[in-house]
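Data block below; observations after.
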Amino acid sequence: MNVIQNFLQQISRMQWSDYLDIFLVALLIYMLLPIIRSSGTTRVAKVVVALLAITWLTDFLELHTLNFLLSQVLAVGLLALVVLFQPELRRMMDHLGNLRLQQIFHNRRDGQTMNPVITQTVAACDVMSRERVGALIVFERENPLDEYMKTGTQIDGHVSEQLLRNIFFPKAALHDGAMIIRDGRVTAAGCVLPLSSSDRLSADLGTRHRAGVGMSEVSDAVVVIVSEETGAISVAVNGMLKRHLAPQTLERLLRQELITDEPAKEEGFAMVLKQKLRKKEKGEKADEE
């Protein structure tokens with residue numbers, strides 16, 4: 001009971017600057033989450049948290065020598081982390097520089113925008129699969145891919161089956177790189193992606209598949225790959241590769257990954273609320289009668 005009272009007293013003494021401080025810290029954590037979400041960063045974050053916990057424990061148990069050594073390791077390790085994660089930090093700075101106020105408070109993908117994009121992409125992949133034309137298509141999500149867009153040619157074009165097939169046509173200038181789609185538009189093509197070094201991938205997979213998996217390992221992007229040798233369609237998400245997909249399966253997977261169902265949830269909540277209000281009104285009328 002005393003804890004609750006102390007908590008309420010603390011809240012009553014808070015000023016507007018305290019609320020602003022809490023909001024800004026929460027906003028900073030929210031913007032850093034997409035970067036921490038990547039697999040490499042997550043492993044390092046776990047090690048840092050473990051070191052901090054052990055350092056606090058040695059200080060609590062008064063193990064002075066061990067605590068001193070761990071404190072020095074953390075001090076040197078901070079500089080090492082800055083050097084080690086220089087690309088991620090640069091990408092974060094680019095993301096913060098490109099961030100718009102609308103993206104902070106309204107970060108939802110519109111199904112009306114992505115539905116035709118997915119339809120055109122599936123149609124293009126279906127044709128390229130039958131014609132054995134290789135393709136590498138990256139759908140950007142929360143993690144910004146500006147660093148990789150700079151390695152290719154800026155396009156900013158409407159997504160259509162014809163455009164995708166023309167770009168990946170074997171004799172086209174940009175066919176050998178990756179295409180990046182941002183907010184339902186082809187932003188860049190001919191881009192260079194990082195290759196995966198995972199030993200879980202099959203030995204028969206070429207550079208295109210390893211680049212697709214590598215892109216999904218360092219970001220939350222959804223990558224569609226069409227094999228030039230076999231025509232098989234694959235999708236890489238979160239470092240995992242799903243191979244030999246039918247066009248219908250590809251379309252269902254892209255809709256699942258790229259379109260949030262928040263509108264459906266909001267509509268469902270509104271329907272339930274309306275039903276409850278109607279029942280309440282009927283009950284009040286019955287009581288009056």
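Points worth noting:
- Annotation: amide H of residue 155 within the under-5 Å range of 188, 189, sequence separation 5 or more or interchain, hydrogens built in the peptide plane.
- For residue 162 and residue 244, the difference between the fully extended length at 0.36 nm per residue and the C-alpha to C-alpha distance is 27.2 nm.
- Per-residue packing, averaged as other Cβ atoms within 10 Å, sorts the ranges 136-142, 165-171 into the order 136-142, 165-171, beginning with the highest.
- Treating r as the C-beta distance of residue 131 and residue 203 and R0 as 25 Å, the FRET efficiency rounds to 0.45.
- Extension gain for the segment residue 50 to residue 72, taken as residue separation times 0.36 nm less the Cα-Cα distance, is 6.4 nm to one decimal.
- Shape call, the range 113-270: gyration tensor on alpha carbons, a/c limit 1.5: rounded
- Additional length obtainable on full extension of the chain from residue 112 to residue 150, 0.36 nm per residue less Cα span: 10.8 nm
- Peptides 116-127, 217-228 ranked from most to least packed, by the mean per-residue count of other Cβ atoms within 10 Å: 217-228, 116-127.
- Here the Karplus relation 6.51 cos²θ - 1.76 cosθ + 1.60, evaluated at θ = phi - 60°, turns the backbone of the range 117-126 into coupling constants of 5, 5, 4, 5, 5, 5, 4, 5, 5, 4 Hz, with x for every Gly and Pro.
Only the coordinates and a few stated rules stand behind these numbers; no lab work does. On a predicted model such as this, the values are computed, not experimentally measured, just so you know. For neighbour counting, all protein chains shown are included, and Cβ atoms are generated from backbone atoms with ideal geometry for every residue, glycine included.
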